[in-house]
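Just below is one structure, and these are the notes that go with it.
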Amino acid sequence: IKQGRNDNGDARCPPHPGFVRGLCSRCGAKEEDAEGGAPRPRVAAGSPSWEGPAVPASATTSIPRATNLETLLRTRKLTLILDLDHTLLNSTGLDDFSPMEERNGFASNTTGDPGMGLFRLDTYGVPVLTKLRPFARGFLEQASAMFEMYVYTLGGQEYARAAVKQLDPDGVYFGARIVSSEESTRRDMKSLDVVPGAEAVAVVILDDSDHVWPDHQENLILVNRYLYFASSCRQFGYDVNSLAEVRRDERERDGSLAVMLEVLKRVHRGFFDSVLDGHCSEVREVIRAVRREVLRGCTVAFSRVIPLEDFAGDHPMWKLTERLGGVCAANADATVTHVVAKDPGTEKARWARDNSKFLVDPSWIMAASFRWCRPNEQDFPVTRG
């Protein structure tokens, strides 16, 4: 951002580039005290209100208060709430390895391998093996330049602190900003009310579960679940081999955390650019706009993906496609670019092939939602079974 210069030639405001909740995005001055400031951005119809009540502070005193919005804006930072398990790492009990994992060398006496991101944690008298997600530390290092970060897990406090110690050994990324089930104000749910002073207009949430954030869906960026151990695959009902079983792992350069880092960069840039352009810099609005670019230009028709008895517009796949910026069509016509099907023998599937349209499996849309880009259609063929 170019710094404005006042009459004395100093690199500071005024002029003020824009305001967020009545505070200058560059210097933090209050709008009513500012002279020559830019007009306050107007909120578009249907957008979350800028004048809504402040997020209530948690009654808990163990969680550090979020840096006030004025200081965050001055340092060009937002607040980032990070889930722990299945987002930044994966843990399993030392007595819960599958036979295949045991054949690959995992056992109850495994002590860990820091070079592979494996650590043994002894908390609550129950030892576990924890695997850091590839690129986790690099992700935190780069994200910390754009965000004030918190960990929020529904796991226990002792476990949370031990696990974060492996991610952030020197405490430079999180400090004491660790929220566990002991501090959470709602059983099995998460809410920003546990972070005193957090402003929802400037909070981004990264989590592998959306149902635990019932009140903050618009702040949430859903990350692909990290399932390194077989116990986690079983926990979520996935009938697949774990990464540990097949001796594989995500790649650092283009794995899930690398993808999420690029998304966060786009959201961060969009938020502060919107202030400079005089538009409403509501982070939820920016997240929506970035997400809508994923399938922009795609018109999708579904074939035997949505049950006939369902109202198509209410189906999760239809809604997800629209959230990603795609257009959903009830029938296959010239405007359709993609047919999403499970069976290559349906009428719409045959129509797609005959008319040189993309024919893709439903996992193509799911991949788009996790990769935040249009996936290569050739990687998602429709095959019987």
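Tabulated values for the structure
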read-out: Any hit, region 285-299, residues being of a type in the set (Gly, Ala, Ser), under 21 Å from TRP364 (Cα atoms) and open to solvent by less than 30 Å² (accessible area, probe 1.4 Å); value: no
read-out: Which listed residue, of GLU262, GLU245, GLU252, is under 21 Å from LEU84 (Cβ atoms) and not aromatic (Phe, Trp, Tyr); value: GLU252
read-out: Residue that is nearest to ALA244 (Cα to Cα) [pool: residues in region 115-129 that are surrounded by fewer than 13 Cβ atoms within 10 Å (Cβ to Cβ) and among the hydrophobic types (A, V, I, L, M, F, W, C)]; value: MET116
read-out: Boolean, VAL179 is open to solvent by 40 Å² or more (accessible area, probe 1.4 Å) and not basic (Lys, Arg); value: no
read-out: Matching residues in region 201-247 - criterion: being within 19 Å of ALA66 (Cβ to Cβ) and either open to solvent by 10 Å² or more (accessible area, probe 1.4 Å) or outside any helix (DSSP H, G or I) (or both); value: VAL203, VAL204, ILE205, LEU206, ASP207, TRP213, ASP215, HIS216, GLU218, LEU220, ILE221
read-out: Scan of region 78-114 for residues that are open to solvent by 30 Å² or more (accessible area, probe 1.4 Å) and aliphatic (A, V, I, L, M), ordered by number; value: MET100, ALA107
read-out: Search result, residues across region 370-384 that are assigned to a loop (DSSP other than H, G, I, E, B) and closer than 9 Å to VAL360 by Cα; value: PHE380, PRO381, VAL382
read-out: Yes/no for VAL172 being farther than 15 Å from HIS86 by Cα, β-branched (Val, Ile, Thr) and touching a Gly at 6+ places or on another chain (Cβ under 9 Å); value: no
read-out: Selection from region 136-153 of residues that are touching a residue at least 60 places away in the same chain (Cβ under 8 Å) and surrounded by 19 or more Cβ atoms within 10 Å (Cβ to Cβ); value: ALA136, PHE139, ALA143, MET146, PHE147, GLU148, MET149, TYR150, VAL151, TYR152, THR153
read-out: Qualifying residue in region 354-366 (condition: part of a helix (DSSP H, G or I), more than 25 Å from GLU262 (Cβ to Cβ) and not aromatic (Phe, Trp, Tyr)); value: yes
read-out: Test: residue in region 329-338 that is under 26 Å from PRO381 (Cα atoms), touching a helix residue (DSSP H, G or I) at 6+ places or on another chain (Cβ under 7 Å) and part of a strand (DSSP E or B); value: no
read-out: Conditions (1) touching a Lys or Arg at 6+ places or on another chain (Cβ under 9 Å); (2) open to solvent by less than 20 Å² (accessible area, probe 1.4 Å); (3) at pLDDT 90 or above: number failed by LEU69; value: (3)
read-out: Residue tally, condition of a type outside the set (A, V, I, L, M, F, W, C), over 23 Å from the mean Cα position of the chain (by Cα) and either in a helix (DSSP H, G or I) or closer than 22 Å to VAL263 by Cα (or both), over region 276-327; value: 5
read-out: Out of PHE119, PHE147, PHE174, sole residue that is modelled with pLDDT of 95 or more, in contact with a strand residue (DSSP E or B) (Cβ under 6 Å, 6 or more places away or on another chain) and over 26 Å from HIS211 (Cα atoms); value: PHE119
read-out: GLU377 vs. criteria touching a residue at least 40 places away in the same chain (Cβ under 8 Å) and of a type outside the set (A, V, I, L, M, F, W, C); value: no
read-out: Hits in region 349-383 - residues which are in contact with a Pro (Cβ under 8 Å, 6 or more places away or on another chain) and open to solvent by less than 60 Å² (accessible area, probe 1.4 Å); value: LEU359, VAL360, ASP361, TRP364, ALA367, ALA368, VAL382
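The values are calculated or read from the model by the stated rules, or taken from the named source; none is laboratory data. The model shown is predicted, which means the values in this text are computed figures rather than measured ones. Note that each Cβ is placed from the backbone with ideal geometry, even for glycine, and that neighbours are counted across all protein chains shown. Heads up: the accessible areas ignore ligands, DNA and RNA and are worked out on the full protein's heavy atoms, side chains in. Shrake-Rupley method; radii C 1.70, N 1.55, O 1.52, S 1.80 Å.
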